[in-house]
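These notes are about the structure you will find just below.
Any read-out appearing in this document is the output of simple, stated calculations on the displayed coordinates, not a laboratory observation. None of these values were measured; they are calculated from a predicted model. Quick reminder, even Gly has a Cβ in these numbers, built from the backbone with ideal geometry, and neighbours come from all protein chains shown.
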Amino acid sequence: MPVAIALAGFVVLIGIPAATRVARGSGVKDPQFVVIDEVAGQLIALIGVPFGWKTFLAGFILFRGFDIVKPPPVRQLEALPEGTGIVVDDVAAGLYACAVMHLLLHFGLLR
């Protein structure tokens with residue numbers, strides 16, 4: 001688990017300045033071709049989750065669901081400036097997905 005946390009943190013740390021540069025260079029507030037934010041969110045969704053195709057699929061679906069629906073405060077985080085807003089909203093969606101994943105695992109609804 002420490003490796004997953006470190007990897008997710010590393011992706012966030014390089015993702016924010018990278019997304020800022022791409023947003024500035026393209027003139028687009030949240031360029032859809034920037035995917036490092038999705039990588040960060042997906043990594044966070046899977047922190048502490050056992051390896052397996054079912055958990056990976058559930059984590060992916062949950063992360064994408066929270067990323068699309070954007071429950072509070074995920075949508076509000078998009079308003080942060082430049083790369084911070086691009087990346088941090090996906091971090092929050094990943095945290096929601098991670099919490100639900102652990103609840104599913106705890107109650108035996110996912111194995």
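Relative to the longest principal axis of the chain, what angle (0 to 90°, nearest 10) does the C-alpha long axis of helix 36-45 take? Value to nearest ten degrees: 20.
Here, the chain yields an orientationally averaged convex hull projection of 6.6 nm² when only Cα atoms define the hull. Using only Cα atoms, find the angle between the long axis of helix 82-106 and the longest principal axis of the chain, and express it within 0 to 90 degrees, rounded to the nearest 10. Its long axis makes an angle of about 0 degrees.
Report the longest stretch of the chain that contains none of the chymotrypsin sites (Phe, Trp or Tyr not before Pro) sitting in a DSSP loop with at most 10 other Cβ atoms within 10 Å. Answer from the scan: 52-106. Could you work out how far helix 2-26 tilts from the main Cα principal axis of the chain, as a 0 to 90 degree angle to the nearest 10? Compared with the principal axis, the helix lies near 30 degrees. Sequence-distant contacts, meaning Cα pairs under 8 Å at least 6 residues apart, place the relative contact order of the stretch 2-106 at 37 percent.
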